[in-house]
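To start, the structure itself, in structure tokens.
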Amino acid sequence: MYRYFVLVILLLLFENTMASCPAYDRRDYPHWIDLDQDCQNTRHEVLVEESTVPVQFKTNKKCRVVAGKWRDSFTGKKFNDPGKLDIDHLVPLKEAHQSGAYAWDQAKRKAFANELKDSEHLIAVAASANRSKGAKDPAEWLPPNKAFWKSYAQAWVNIKIRWNLKADAAELSRLKALLGADAELPQTAPEHQCLSKSNKNSTMGLAVQANYECGTKKFCKEMKSCEEALFHLQQCKRKSLDRDQDGIPCEELCG
């Protein structure tokens, strides 16, 4: 009988944990936004900041970067075309979510997704490398450029500590191997496998509906923000915005 009650309690605790840990949804971390209202969203702010030469813009309004010079730390390669670059969340959004961000409010999630004050947080990298990385942590993936491994690990640790995100055992083991046993590391905790459905009444999906209307726009070049692209994909069924059918429209805006 005692074992039965223990089992019931454990099951209830598990259900409560799942209920308080909604499944990861990229739309709950809205980006890229134009925080300072200068018409450059977060993606283009990073491109401007990281180019080693003055960038070129699509128009005189200086909203969209079309050329510059970037060195990708992941591969060590140089790029002039921003279309071949993704802006990488060094600690991926899904990894952050399962490491503790699931408990944040919408404002903090948006802040994390668009952090510009910390130069380690968002970096311009080869699109192919970024998509190979996905949501993997350092135990599962490291950049092809081995010379960047230690810097990558240190940036990962810095971000997790700064945002009070946890690290699982395998992740910590790899970080120790890269940085040394005496390195300051994030607090340890198992990664949350968040499975419950999130409350869509509080996600960006409904917020976007209030700001946009379905019209004649069909292509990414007509979108001014990731939020607008998401609205047209989800509410207006513009499937042409998501060519690879991964649920993310207009990779240049939302990648």
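The values are calculated or read from the model by the stated rules, or taken from the named source; none is laboratory data. The structure displayed is predicted, hence computed values, not measured ones. Neighbour counts are summed over all protein chains in view; Cβ atoms, including those assigned to glycine, are modelled from backbone coordinates with ideal geometry.
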Looking at 64, 71, 43, 109 in this structure, which one is of a type in the set (D, E, K, R), in contact with a Leu (Cβ under 8 Å, 6 or more places away or on another chain) and in the same structural domain as residue 156 (by TED's automatic domain parsing)? 43
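Yes or no, residue by residue, for (1) in the same structural domain as residue 119 (by TED's automatic domain parsing); (2) in contact with a Pro (Cβ under 6 Å, 6 or more places away or on another chain); (3) under 29 Å from residue 77 (Cβ atoms):
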{"site": "138", "(1), (2), (3)": "yes, no, yes"}
{"site": "142", "(1), (2), (3)": "yes, no, yes"}
{"site": "146", "(1), (2), (3)": "yes, no, yes"}
{"site": "160", "(1), (2), (3)": "yes, yes, yes"}
{"site": "168", "(1), (2), (3)": "yes, yes, no"}
{"site": "176", "(1), (2), (3)": "yes, no, no"}
{"site": "181", "(1), (2), (3)": "yes, no, no"}
{"site": "184", "(1), (2), (3)": "yes, no, no"}
{"site": "190", "(1), (2), (3)": "yes, no, no"}
Just to verify a result, which residue in segment 216-227, among those that are buried (at least 17 other Cβ atoms within 10 Å of the Cβ) and closer than 28 Å to residue 104 by Cα, is modelled with the lowest pLDDT? 227
Those residues of segment 183-215 which are modelled with pLDDT under 95, outside any helix (DSSP H, G or I) and charged (D, E, K, R) amount to 191, 197, 213
When only residues in segment 99-127 that are modelled with pLDDT of 95 or more and of a type in the set (S, T, N, Q) count, which is surrounded by the most Cβ atoms within 10 Å (Cβ to Cβ)? 99
Taking segment 135-154 and keeping residues part of a loop (DSSP other than H, G, I, E, B), touching a residue at least 40 places away in the same chain (Cβ under 8 Å) and within 21 Å of residue 182 (Cα to Cα) leaves 137, 138
Which strands (runs of 3 or more DSSP E) sit wholly inside segment 42-132 and have at least 1 residues that are within 15 Å of the chain's Cα centre (by Cα) and within 30 Å of residue 171 (Cα to Cα)? 85-89, 122-126
Under the condition of being free of Cβ contacts under 8 Å to residues at least 40 places away in the same chain and charged (D, E, K, R), which residue from segment 86-132 is nearest to residue 145 (Cα to Cα)? 120
